[in-house]
Amino acid sequence: MSDLRREMLETMSLMLSPARKILGMTAGGLSSLSGIPEGIILDVEEGISPLKPEHYLALSAAIGSTGAKCSGSINAAITRLMTPEGEAFEASGDGFTLVRKWLEADYSTPADDDSVEEHARILSDSELEAAAKSYRIIAGLSAVEDENFPALVSRLQPWLKACGGRICVPAGVVDELRDTLDDTEDDDEEIIVSDALSRIERFQKEGLIDLAGSYEGGRTAAEILGMNKDSRRTILVTQDPDEASSMPRGNARAARITDTGDLELWEA
């Protein structure tokens, strides 16, 4: 991706919320106009995930065309707001200035420039804080079995404690772990499962984990996600690519635990 297009993505990520509010639009309204799921829009606005190139045209067209229906000064202000610093801009009457600028930008990608987008998928401390305070975090079976799960919980602990939040572990995950422990004849598997059960119990006592089932109704991650009828956004922590790809979209995102205890978003 060219430097200009990257700058345009970064600028829109930062200015999407102000531009939307100037127009008096809700995130749901922008979602309806652009066809981009509301959860993705809110993730971008709160810095949880970066704006992707395939979303730029739809969002800029929705915002630009809506601005063009307002007064010329509002349209010009929004165009200026969404233009990278130092770049020339022109507010046209049709509201598609940003769309044309994107299409005219060089799309060539330097051969050795793969790291920026890959790094951007790992949540920073500020993004983890926002997730701990604003999101429902559900840990699947593959996550609680992962040796780096305690490191993730430790990272989230200060923010969870500050807001009284908890990581949700489906009751069905604990049932499955206990069944495996009863049935397995593999010593290594027994150690992994025993460790997972022990850490769940410890984090429960510390007030960092809740077992879903007693207050959610569902006993698996899929059931809990499927029963999420409110607007609260959700992050499913899973190491299983099939589970990540099969989860419902909208306000739900999937992330995996890295070797350093970070969260990295799965590709949508």
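The values are calculated or read from the model by the stated rules, or taken from the named source; none is laboratory data. It should be emphasised that the depicted structure is a prediction, and the values quoted were computed from it without experimental measurement. Because the Cβ atoms are built from the backbone with ideal geometry, glycine has one as well, and the counts that use them run over all protein chains shown. These accessible areas exclude ligands, DNA and RNA; they are computed on the full protein's heavy atoms, side chains included. Shrake-Rupley method; radii C 1.70, N 1.55, O 1.52, S 1.80 Å.
Lysines within cross-link reach of Lys205: Cα-Cα under 24 Å, excluding same-chain residues under 8 positions apart?
Straight-line reach from Lys205, under 24 Å: Lys133, Lys161.
As I understand it, the value is the acute angle between the Cα axis of helix 53-69 and the longest principal axis of the Cα atoms of the chain; what does it come to in degrees, rounded to 10?
So the inclination is approximately 50 degrees.
What is the magnitude of the charge dipole of the chain about its Cα centre, with +1 placed on the Cβ of each Lys and Arg, -1 on the Cβ of each Asp and Glu, and no other charges, expressed in debye to the nearest 20?
On the way: 26 positive and 50 negative charges, 455 e Å.
Approximately 2180 debye in magnitude.
I'd like the antiparallel share, as a percent to the nearest 5, of DSSP beta bridges with both residues in the chain. Please report the intermediate quantities before stating the final value.
Working: 4 of 17 bridges.
Around 25 percent of the beta bridges assigned by DSSP in the chain are antiparallel ones.
Quick one: 3J(HN,Hα) in Hz for the stretch 142-151, Karplus 6.51/-1.76/1.60 with θ = phi - 60°, rounded, Gly and Pro as x.
5, 6, 5, 7, 5, 5, 9, 4, x, 5
Could you grab the relative contact order for the chain? Cα pairs under 8 Å, six or more apart, rounded to a whole percent.
Details: 374 pairs, mean separation 52.5, N = 268.
Contact order relative to length: 20 percent.
Return the long-range amide H neighbours of Ser2 (sequence gap of 5 or more, or a different chain), with a cut-off of under 5 Å between placed amide H atoms.
Answer set, sorted by chain and number: Ser108.
Per-residue ellipticity at 222 nm for the chain, helices alone: DSSP H runs ≥ 4 residues times -39500 (n - 2.57), over residue total, nearest 500 deg cm²/dmol? Working shown, then result.
Working: 14 runs with 151 residues, N = 268.
Per the formula, -17000 deg cm²/dmol.
Starting from the Cα of Lys101, draw a straight line to each of the lysines and keep only those under 26 Å, dropping any in the same chain fewer than 8 residues away.
Leaving aside lysines fewer than 8 places away in the same chain, those within reach of Lys101 are Lys21, Lys52, Lys69.
Using a simple spin-label model with points 7 Å from Cα along the Cα→Cβ vector, what separation in nm is obtained for Ser32 and Asn148?
In this crude spin-label approximation the distance works out to 4.1 nm.
Relative to the Cα centre, what is the charge dipole magnitude of the stretch 1-83, using +1 at the beta carbon of each Lys and Arg, -1 at the beta carbon of each Asp and Glu, and rounding to the nearest 20 debye?
Working: 7 positive and 8 negative charges, 65 e Å.
Computed charge dipole of the stretch 1-83: roughly 320 debye.
Under the classification rounded if a/c is under 1.5, otherwise prolate if a/b is larger than b/c and oblate if not, where does the chain fall, given a ≥ b ≥ c as square roots of the Cα gyration tensor eigenvalues? Working shown, then result.
Working: a/c = 2.79, a/b = 2.15, b/c = 1.30.
It comes out prolate by the Cα gyration axes.
Nearest 10 degrees is fine. How inclined is helix 72-81 to the longest principal axis of the chain, computing both from alpha carbons?
Once rounded, one gets 50 degrees.
Of the heavy-atom accessible surface of the stretch 1-100 (probe 1.4 angstrom), what whole percent is carbon and sulfur? Present the calculation step by step, with values, prior to reporting the outcome.
On the way: 2470 of 4290 Å².
Accessible surface attributable to carbon and sulfur in the stretch 1-100 totals 58 percent.
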